[in-house]
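The values are calculated or read from the model by the stated rules, or taken from the named source; none is laboratory data. Keep in mind it's a predicted model, so treat the numbers as computed, not measured. Calculation scope for accessible area: heavy atoms of the full protein, side chains included, ligands and nucleic acids excluded. Shrake-Rupley method; radii C 1.70, N 1.55, O 1.52, S 1.80 Å.
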Amino acid sequence: MPGHSSVDLDTVATREAIAPQVTGNVCGNKGMQVMFKAGVTVHYVYRGNDGVALVRPAISPADCGVMPDPWFKSEALLAPA
(Lines give C-alpha, C1' and ligand atoms only; values in the text may rest on other atoms or scores of the structure.)
Protein backbone atom coordinates (compact mmCIF):
# COMPACT_ATOMS: atom_id res chain seq x y z
CA MET A 1 0.00 0.00 0.00
CA PRO A 2 2.09 2.87 -1.27
CA GLY A 3 2.32 5.77 1.09
CA HIS A 4 1.38 3.75 4.19
CA SER A 5 3.51 1.70 6.53
CA SER A 6 2.10 -1.31 8.35
CA VAL A 7 2.03 0.62 11.63
CA ASP A 8 -0.13 3.37 10.09
CA LEU A 9 -3.03 1.12 9.10
CA ASP A 10 -5.63 -0.87 10.98
CA THR A 11 -5.34 -4.31 9.35
CA VAL A 12 -8.93 -5.31 10.14
CA ALA A 13 -10.39 -2.13 8.64
CA THR A 14 -8.04 -2.39 5.66
CA ARG A 15 -9.06 -6.02 5.03
CA GLU A 16 -12.76 -5.13 5.30
CA ALA A 17 -12.28 -2.32 2.78
CA ILE A 18 -10.09 -4.20 0.29
CA ALA A 19 -11.43 -7.77 0.27
CA PRO A 20 -14.84 -7.03 -1.33
CA GLN A 21 -13.22 -4.88 -4.03
CA VAL A 22 -10.63 -7.52 -4.85
CA THR A 23 -13.26 -10.27 -4.93
CA GLY A 24 -15.53 -8.22 -7.20
CA ASN A 25 -12.71 -7.38 -9.58
CA VAL A 26 -11.40 -10.93 -9.77
CA CYS A 27 -14.84 -12.54 -10.13
CA GLY A 28 -15.75 -10.02 -12.83
CA ASN A 29 -12.62 -10.79 -14.85
CA LYS A 30 -13.56 -13.20 -17.65
CA GLY A 31 -9.95 -14.35 -17.97
CA MET A 32 -10.00 -15.61 -14.39
CA GLN A 33 -12.97 -17.90 -15.04
CA VAL A 34 -10.65 -20.43 -16.71
CA MET A 35 -8.51 -20.50 -13.58
CA PHE A 36 -11.53 -21.02 -11.36
CA LYS A 37 -12.85 -23.84 -13.55
CA ALA A 38 -9.46 -25.48 -13.00
CA GLY A 39 -10.03 -25.20 -9.24
CA VAL A 40 -7.42 -22.49 -8.66
CA THR A 41 -7.73 -20.19 -5.66
CA VAL A 42 -6.12 -16.79 -6.27
CA HIS A 43 -4.12 -15.20 -3.44
CA TYR A 44 -3.10 -11.56 -3.21
CA VAL A 45 -0.77 -9.90 -0.73
CA TYR A 46 -1.00 -6.19 0.02
CA ARG A 47 2.02 -4.79 1.83
CA GLY A 48 2.77 -1.53 3.52
CA ASN A 49 5.60 0.55 2.14
CA ASP A 50 7.75 -1.06 4.83
CA GLY A 51 7.26 -4.48 3.19
CA VAL A 52 5.08 -5.93 5.96
CA ALA A 53 2.06 -7.90 4.72
CA LEU A 54 -1.18 -6.20 5.74
CA VAL A 55 -3.93 -8.07 3.93
CA ARG A 56 -3.93 -11.45 2.19
CA PRO A 57 -7.26 -11.91 0.44
CA ALA A 58 -7.83 -15.28 -1.22
CA ILE A 59 -10.55 -15.71 -3.85
CA SER A 60 -11.74 -19.25 -4.47
CA PRO A 61 -13.93 -20.58 -7.27
CA ALA A 62 -16.82 -20.76 -4.77
CA ASP A 63 -16.42 -17.04 -3.97
CA CYS A 64 -17.24 -16.35 -7.61
CA GLY A 65 -19.98 -18.94 -7.92
CA VAL A 66 -17.85 -21.21 -10.13
CA MET A 67 -17.89 -24.96 -9.74
CA PRO A 68 -14.49 -26.46 -10.62
CA ASP A 69 -14.64 -28.85 -13.57
CA PRO A 70 -13.11 -32.24 -12.64
CA TRP A 71 -12.49 -32.90 -16.37
CA PHE A 72 -10.66 -29.60 -16.93
CA LYS A 73 -7.48 -30.03 -18.95
CA SER A 74 -4.54 -28.04 -17.62
CA GLU A 75 -3.37 -27.34 -21.19
CA ALA A 76 -6.27 -24.90 -21.47
CA LEU A 77 -4.46 -22.62 -19.02
CA LEU A 78 -1.56 -22.35 -21.45
CA ALA A 79 -3.60 -21.91 -24.63
CA PRO A 80 -3.63 -18.43 -26.15
CA ALA A 81 -6.88 -16.56 -25.61
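Run the helix sum for the chain: -39,500 (n - 2.57) per DSSP H stretch of 4+ residues, divided by residue count, reported at 222 nm to the nearest 500 deg cm²/dmol.
Value at 222 nm, helices only: -10500 deg cm²/dmol.
Calculate one ³J(HN,Hα) per residue across segment 39-53 by plugging θ = phi - 60° into the Karplus curve 6.51 cos²θ - 1.76 cosθ + 1.60, and present them in order as whole Hz with x for glycine and proline.
For segment 39-53, the Karplus curve yields x, 7, 9, 9, 10, 10, 10, 9, 10, x, 5, 8, x, 7, 5 Hz.
Per residue, how much accessible area does segment 1-71 show when a 1.4 Å probe rolls over the protein heavy atoms, in square angstrom?
Result: 64 Å² per residue.
Based on Cα positions only, what radius of gyration and what Dmax would you give for the chain, in angstroms?
15.3, 47
From largest accessible area down, sort Lys30, Lys37; use a 1.4 Å probe on the protein chains.
Putting Lys30, Lys37 in descending order of accessible area: Lys30, Lys37.
Can you pull the percent of the chain's accessible area that's carbon plus sulfur, 1.4 Å probe, other chains left in place?
58 percent
Students sometimes get this wrong: rank Asp8, Asp69 by accessible area, probe 1.4 Å, all chains present, largest first.
Largest to smallest exposure gives the sequence Asp8, Asp69.
Order the following by accessible area, largest value first: Phe72, Phe36. Probe radius 1.4 Å; ligands, DNA and RNA are ignored.
Solvent-accessible surface, decreasing: Phe72, Phe36.
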